[in-house]
Amino acid sequence: MPLGDILVITDDHKKAAREITDMVLENYAGEKISIAIGAESGSGKSEISHVVASSLFKSEKQLKSFTVHTDDFFALPHKERNDLRVKSNLESVGPSEINFDELDYVLKSFETGGQILLPILEFITSSAYKLLVDFRDVQVLICEGLYAPMLDVTSKMFIDMTYHDNEAFNALRGKEVPDEFRQKVLEKEHQAVSELRKQVDYLITKEYALTKL
């Protein structure tokens, strides 16, 4: 997740993470595995990803993982992105806001065990940094974000909730001001993200159970 962001991990997140961890361990046969967790805002993508990464390393196989947060790959910083959203009457909201070419390069670097400089956004001040990552000893790559299931990964997952379901959790995190503009952005994202439900291998239900499609 972007630096300065806040994790609020619940028992439901831990439940989903356990099932994902079990699935990864069952399918791991020595080759690198990449998974994508997509969902609307406030569904618990970052929280579940964090617990999965921790659980994989604590397992008997002690798998090392790295989590890529696609929020770090927005083409424009937060202020400039919102300015464009206003100027375009929200037509700019959607997958085109994400630099997928750079994300594809990350996936290739993971698969080949290379080194890469990853973009890291600091949420509070909207500052951008670079993080040097060495993928040689990383067995599992976790990609989480609104449009993460669009990536070419081993397994694609979708948390089957809308931003309406997540209002209380979003309020608890306090990540974005819940004003009229933010609600309009969430609705546009909902229209784009809901289409990805058809493209995944697993659903994470509202009860946070993992279901294979």
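The values are calculated or read from the model by the stated rules, or taken from the named source; none is laboratory data. Since this is a predicted model, take the numbers as computed values, not measurements. FYI the Cβ positions are ideal-geometry reconstructions off the backbone, even for glycines, and counts take in every protein chain you see.
Odds and ends about this structure:
- Residue within region 42-49 that is surrounded by fewer than 20 Cβ atoms within 10 Å (Cβ to Cβ), in contact with a Ser or Thr (Cβ under 8 Å, 6 or more places away or on another chain) and at negative phi present: no
- Residues of region 37-49 classified as small (Gly, Ala, Ser) and either assigned to a helix (DSSP H, G or I) or farther than 16 Å from SER194 by Cβ (or both), total: 3
- Boolean, THR125 is surrounded by 12 or more Cβ atoms within 10 Å (Cβ to Cβ) and not aliphatic (A, V, I, L, M): no
- Contact map, region 192-213: first residue of a type in the set (Lys, Arg), second residue surrounded by 12 or more Cβ atoms within 10 Å (Cβ to Cβ), Cβ cut-off under 8 Å, separation 6 or more or different chains; pairs are ARG197/PHE158; ARG197/ASP160; ARG197/LEU203; LYS206/ASP160; LYS206/MET161; LYS206/ASP165; LYS212/ASP201; LYS212/TYR202.
- Flag if SER34 is in contact with a strand residue (DSSP E or B) (Cβ under 8 Å, 6 or more places away or on another chain), modelled with pLDDT under 95, of a type in the set (S, T, N, Q) and not in a helix (DSSP H, G or I): no
- Filter pass, ALA29 being over 18 Å from ALA192 (Cα atoms) and hydrophobic (A, V, I, L, M, F, W, C): yes
One line per residue, one yes/no per condition, for (1) in a strand (DSSP E or B); (2) out of contact with any Phe, Trp or Tyr (no Cβ under 7 Å at 6 or more places or on another chain); (3) loosely packed, with under 15 Cβ neighbours inside 10 Å; (4) at pLDDT below 85:
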| site | (1), (2), (3), (4) |
| --- | --- |
| PHE158 | yes, yes, no, no |
| THR162 | no, yes, no, no |
| ALA168 | no, yes, yes, yes |
| LEU172 | no, yes, yes, yes |
| LYS188 | no, yes, no, no |
| GLN191 | no, yes, yes, no |
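- Taken over region 75-97, the criterion of being touching an Asp or Glu at 6+ places or on another chain (Cβ under 9 Å) and crowded, with 18+ Cβ neighbours inside 10 Å is satisfied by ARG85, VAL93.
- Filtered by the rule that a residue be part of a helix (DSSP H, G or I), closer than 21 Å to GLY38 by Cα and without any contact (Cβ under 8 Å) to a residue 24 or more places away in the chain, region 61-91 gives a lone residue, ARG81.
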